[in-house]
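First comes the structure, then the notes that go with it.
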Amino acid sequence: LTISGDLIREKARRFAAHFGIPPDDFLSLSNGWLESFKACHGLRDVRFYGEAGDVLNWDESGLLYRARPTRGLAMSSHPGVKVDKTRITVAFLVNATGSDMPQPLIIGKARRPRAFKKRDGTQLGFDYWWNSKAWMTGSIFSSWLERLDLEMRQQGRHILLLVDNASSHKYNPSKIHNIRVEFLPPNMTSRVQPLDAGIIRTFKAHYRRLFLQRALDRDESGEADIYQINQLEAMHLIRDAWAHVSVQTVADCWAHTGILGDSLVPTAVEAVTHSGMLADSRALAALQLTIDEISAKTSSRDVVQAHELVGLPGEDVTEAVWTEEDVVNEVRKEQEETETTSDLDEGVETQDRAVPSVPEAMEEVRKLQKFFIDTRDDDPVVQQSLRFLLSRLELKEASIM
């Protein structure tokens, strides 16, 4: 039931009539009265999202980006061979029509892994974040959400964002203006969350197919380790795999969950009854063909099936409780003046120039604000962007203190 201010006023008049209060003696039901009534009863204004394109889902998943198709290497210990569990976290955002599918957010363990060659992830064209665990954290989620809110304000757009109730999904509501965040019921995300209804699974099928096709190419080139891949190469595969997830797959998975209701289900998918599983099955079938091909060419034994390779045990873990030692180590890492770029097996590099401290960075942003004011350039988008940068730095400063 949608409750409007006019409906509240009309109900008040009817109750007054029931109690025999003459109209001339009744309240004027002004806007001030209405605001007081809403505050007293905890009511708030909510924009009705009548367009499926304005309803979005956000979710993240771990990715063991070097997982091989043999059971001994991909799923369990094997005599003489160490299981490669190198992982990153990948986060996705999609709307109900599939018209909004921005590049995934990627979280690694180092700011500048060796493969980045002293460049930042943004310089390489990725939405890249990092911490020592490659986990989603509250600070990453809140910073991302504030950035998305700024984009929505610049577009004059309001959206509804559906997320699960993971502990890392924390944010400051006072800083979010054009996004209404709704948390999905606990323990039901696999049933009602579109990204968990087949979208992420399809993405992983595409990623592993591309990874194995790359291995086949390396085999033909005579490479000794056909599965070797660094983080940057994996990130490019992630981008390509996401591009292979079709708009129809996204819309089908939204329709399958039934979370939108009949009124908001896109017309093109109203008749869909198989939850996008047809597209999911095609992606798995293509992956299985590649697995069979690599098995035949490399004489691999005990090869996993496609459905096993897209559902590796423990891969979906994207967060955990940080110990006191973890927190201390992470803060010390942030405070270091030089950038450490260690990445498990990719060696260690030391940045050859000092990183500005948070207060120094804040001072530079304030100088930019003053510059634009002094030059009478009052472009609201520029000023808003600078305020956003300053708020990001304030958050970082508060987390260090």
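For the pairs Lys133/Lys170; Lys11/Lys175; Lys117/Lys297, note any where the Cα-Cα span goes beyond 23 Å. All intermediate terms of the calculation are to be shown ahead of the outcome.
Values: Lys133/Lys170 18 Å; Lys11/Lys175 34 Å; Lys117/Lys297 34 Å.
Among Lys133/Lys170; Lys11/Lys175; Lys117/Lys297, the Cα-Cα distance tops 23 Å for Lys11/Lys175; Lys117/Lys297.
Go through segment 190-200 residue by residue and turn each phi into a ³J(HN,Hα) via Karplus (6.51, -1.76, 1.60, θ = phi - 60°); whole Hz please, and just put x for glycine and proline.
5, 9, 10, 8, x, 5, 8, 8, x, 5, 5
By accessible area of protein heavy atoms, probe 1.4 Å, what ranking do Ile8, Ile229 get, highest first?
Numbers: Ile8 25, Ile229 0 Å².
Output order, biggest surface exposure first: Ile8, Ile229.
What order do Cys253, Cys40 take when sorted by accessible area (1.4 Å probe), most exposed first? Don't skip to the end; give the middle numbers.
Details: Cys253 0, Cys40 105 Å².
Largest accessible area first, the residues go Cys40, Cys253.
Find how much the distance from Glu364 to Phe26 grows on full extension, using 0.36 nm per residue of separation minus their present alpha carbon separation; answer in nm with one decimal. If you can, show how the numbers build up before the last one.
Details: separation 338, 0.36 × 338 = 121.68 nm, distance 5.88 nm.
Going from the current span to full extension adds 115.8 nm.
Report, by chain and number, residues whose modeled amide H sits under 5 Å from the one on Val181, excluding near sequence neighbours (fewer than 5 apart, same chain).
Leu161
The values are calculated or read from the model by the stated rules, or taken from the named source; none is laboratory data. Here the structure is a predicted model, which means the values were calculated and not measured. Side chains included, ligands, DNA and RNA excluded: accessible areas come from the protein's heavy atoms. Shrake-Rupley method; radii C 1.70, N 1.55, O 1.52, S 1.80 Å.
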